[in-house]
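For reference, the structure discussed in these notes is given below.
Here, each number is a calculation from the coordinates, and none is a lab measurement. Computed from a predicted structure; not experimentally measured. Counting neighbours? That spans all protein chains shown, and the Cβs are built from the backbone with ideal geometry, glycine included.
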Amino acid sequence: MLKEMDNRGLLKRISVNPDVMVGKPTIRGLRITVEQVLRAIAAGVSEEELLEDYPELEREDIRAVFLYAVELVSEEQVFTVHSV
């Protein structure tokens, strides 16, 4: 239960506003997108480097990015399509 409440708090760090970064999910309304952070980490940029490069970014923001990605993937569904 406590973990669930913590997760909701983390997810509040992710915002979607059509007037900011073309509506892509951003961190706390900043001009830093979830996608930017995920791409950087996938490219091998460390959490420490990200925090240095983006001083307004907080460690909890990075956790929120991963949680947001997990939530999206967990809702993904795959359907079998049969050809006629």
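Can you give the Kirkwood hydrodynamic radius for the range 2-74, in Å, rounded to one decimal and based on Cα pairs?
12.5 Å
Rank the residues V70, V37, V45, V81 as a footprinting-exposure proxy: fewest other Cβ atoms within 10 Å of their Cβ go first.
Lowest count first: V81, V70, V45, V37.
Of all GluC sites (Glu not before Pro) in the range 15-84, which ones are in loop regions per DSSP and have a Cβ with at most 15 other Cβ atoms within 10 Å?
E56, E58, E75, E76
Using 0.36 nm per residue of separation minus the Cα-Cα distance, give me the extension gain between N7 and S83 in nm, one decimal.
Taking N7 through S83 to full extension adds about 23.2 nm, to one decimal.
So, in nm, how far is label E76 from label D53 when the simple model puts each one 7 Å beyond its Cα toward the Cβ?
Inter-label distance under the simple model: 2.3 nm.
What 222 nm value per residue comes from the helices of the chain, counting each DSSP H run with n ≥ 4 as -39,500 (n - 2.57) and dividing by all residues, nearest 500 deg cm²/dmol?
It comes out at -15000 deg cm²/dmol, rounded to the nearest 500.
Taking amide H atoms as placed 1.01 Å from N in the peptide plane, list the residues 5 or more away in sequence, or in a different chain, whose amide H sits under 5 Å from that of I14.
R28
Report the one residue of I27, S74, V37 whose Cα lies farthest in the direction of the positive end of the charge dipole of the range 2-74 (charges on C-beta: Lys and Arg +1, Asp and Glu -1; origin at the Cα centre).
S74
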